[in-house]
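Each reported figure results from applying straightforward, stated rules to the coordinates on display, with no laboratory input. Quick caveat: nothing in here was measured; it's all calculated off a predicted structure. Cβ sites come from the backbone with ideal geometry, for glycine too, and all protein chains shown count toward neighbours.
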Amino acid sequence: MEEILQYVWQHRLWRSEDMTTSDGRRIRVLDPGLLNTDAGPDFFNAKVEIDGRVWVGNIEIHVRASDWQRHGHQHDKAYDNVILHVVRHDDAPVFRTNGERIPQLVLECSTRFGERLSGLVNARTELPCAPQLGQVPHIAITEWMQALAFERLHGKVARVQALCDLYAGSWEDVCYVMLARTLGFGINGDAMERLARRTPLRLLHKHSDSVLQLEALLLGQAGMLDASQSAIDSYYNQLCREYAFLANKFSLTPMQGEVWKMFRIRPQNFPHRRIALLAHYVHDGFNLMQRILDAEDEPALRALFQVELTGYWQRHFTFGKESGTTSRALSEASIDIVLINTVAPLFYARGELTGDDTLCDRAVSLLENLRPEHNAITAMFAAAGIKADDALTSQALIELRRNYCEARKCIYCRIGHRLLSRAAKTE
């Protein structure tokens, strides 16, 4: 409830401008102030007029006025600059540390606001606002999609920059971990990243001349090799022997094999094959980051991932039974995912860290020119009238769904804000 009061105050969604303090003095809000997300009063540098006198200072908001004492603010000098205490229920007077009484306002908003918010937050449907989307101007939705796309991109860029710090500026190490995570394609993304961190490039480069040893290291570290299962086939036995030797040599500890998810995954997306593809990129030395930077255009970038696996994995999706000649390691749609989740964030992060704006522009241009992702999220929004025409917009829709709709943060969504504002100003 306190969060809702903060929202109403911040956006001036009270029922009437004709307000008075709890002791009957007329009050006019000139500036609600700046929301504070850290410790201290809820809003800084507000400006209110009380009985014709203008006060400048901070605002504190509580559901009940007695929360002031409950939180110990009467003993905290950080709250001495509070010029107005905004509450839903006035059940006690409040005072500064010197005993001065602080003006208090009971904040009321439209009944329809509460009903609309409750309807959005508590609805059991996947997209509660779908029936009202037609009330939101197209330009407002377009601007929100643009902001969401950059919000999602910057989240990935932050991950890249954290990896860059971890690996002391080694962009190839960063690229290796980012590629591994992307090859998990969501469902096994966390596990693939853990595998890459547990099996660093400096170790793999010691054996980069041998595909067998690279696959043994990665599949063994993934917890997918068990010497007791010797009846699977001869290549599996080779991998087990190689990993046993290398694990003893480098004191390696494998992951738990149970972390890998196989249920409802198409065979070509099995993690065994994705790990084999990762080994393919390390063979003869991992230099994918440099190759990405050297690629002149999107076709050249796509060509980096249009590869075929050889040997055992040309006819296998997992260990054991052959599946016939398999297709390329990555489909065109899968390459799109790699470009969206690995290449674009690497471009943007590199551009930000080196001050090269052309790389940032290249990241955005790439997303604008790639086909949109087709998944349950984009289909749901398309049915509601918001269609993605490119990858930048589909990324925006994923951000909207994951961080706003699923969390029911309707009051922080610009679409939700439009609908709630309309409700707050009508009775």
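Using a Gaussian network for the chain with springs between C-alpha atoms less than 10 Å apart, which of these wobbles most: Leu288, Leu366, Leu84?
Residue with maximal mean-square fluctuation among Leu288, Leu366, Leu84: Leu84.
Expressed in nm to one decimal, what extension gain is obtained for the pair Ala140 and Phe95 from 0.36 nm per residue of sequence separation less their Cα-Cα distance?
11.9 nm
Quick one: what are the phi-derived ³J(HN,Hα) couplings along region 225-234, Karplus 6.51/-1.76/1.60 with θ = phi - 60°, whole Hz, x for glycine and proline?
In residue order, the calculated couplings are 10, 9, 4, 6, 9, 5, 7, 5, 5, 5 Hz.
Below 8 Å between Cα atoms, with a sequence gap of 6+, how large is the relative contact order for region 219-269 in percent? Please report the intermediate quantities before stating the final value.
Values: 29 pairs, mean separation 22.2, N = 51.
That works out to 44 percent.
What FRET efficiency comes out for Leu166 versus Arg53 if R0 is 56 angstrom and r is the Cβ-Cβ distance? Round to the nearest 0.05. All intermediate terms of the calculation are to be shown ahead of the outcome.
Numbers: r = 55 Å, r/R0 = 0.99.
That pair, Leu166 with Arg53, gives E of 0.50.
Quote the FRET efficiency, to the nearest 0.05, computed for Arg315 versus Ala147 with a Förster distance R0 of 60 Å and r equal to the Cβ-Cβ distance. Please list the in-between numbers first.
Values: r = 47 Å, r/R0 = 0.79.
Taking R0 as 60 Å, the efficiency between Arg315 and Ala147 is 0.80.
Taking neighbour Cβ counts within 10 Å as the exposure measure, how do Ile340, Ile265 sort from fewest upward?
With the sparsest Cβ surroundings first, the list reads Ile265, Ile340.
Can you flag which of Lys156/Lys409; Lys77/Lys156; Lys156/Lys249 are past 30 Å Cα-Cα?
From the list (Lys156/Lys409; Lys77/Lys156; Lys156/Lys249), the Cα-Cα distance tops 30 Å for Lys77/Lys156; Lys156/Lys249.
What percent do you get for the relative contact order of the chain when only Cα pairs under 8 Å and 6+ apart count? Mind dumping the intermediate values first?
Working: 608 pairs, mean separation 68.5, N = 427.
Contact order relative to length: 16 percent.
Output the relative contact order of region 2-109, whole-number percent, from Cα pairs under 8 angstrom with separation of 6+ residues.
25 percent
About its Cα centre, how strong a charge dipole does region 113-200 have in debye, to the nearest 20, once Lys and Arg get +1 and Asp and Glu get -1 at the Cβ?
About 200 debye.
For Thr20, enumerate residues with amide H under 5 Å from its amide H, sequence gap 5+ or separate chain, H modeled in the peptide plane.
For Thr20, the qualifying residues are Ile27.
Once the other residues with Cβ under 10 Å from the Cβ of Val121 are scored (Lys, Arg +1; Asp, Glu -1), what is the net sum?
So the surrounding residues net to +3.
Summing -39500 (n - 2.57) over the DSSP H runs of n ≥ 4 in the chain and dividing by its residue number, what mean residue ellipticity at 222 nm do you reach, to the nearest 500 deg cm²/dmol?
Estimated from H runs of four or more residues: -13500 deg cm²/dmol.
Kindly write out, for region 358-370 in residue order, the coupling ³J(HN,Hα) from the Karplus curve 6.51 cos²θ - 1.76 cosθ + 1.60 (θ = phi - 60°), rounded to whole Hz, with x marking Gly and Pro.
Once rounded to whole Hz, the list reads 5, 5, 4, 5, 5, 4, 5, 4, 4, 5, 5, 9, 7.
What residue among Tyr404, Tyr243, Tyr167 has the largest mean-square fluctuation in a Gaussian network model of the chain, using Cα springs under 10 Å?
Of Tyr404, Tyr243, Tyr167, the Gaussian network model singles out Tyr167 as fluctuating most.
For percent of Cα pairs over 35 Å apart, the choices are [x] 48; [y] 27; [z] 35; which was calculated from the structure?
Recomputing percent of Cα pairs over 35 Å apart here gives the entry labelled [x].
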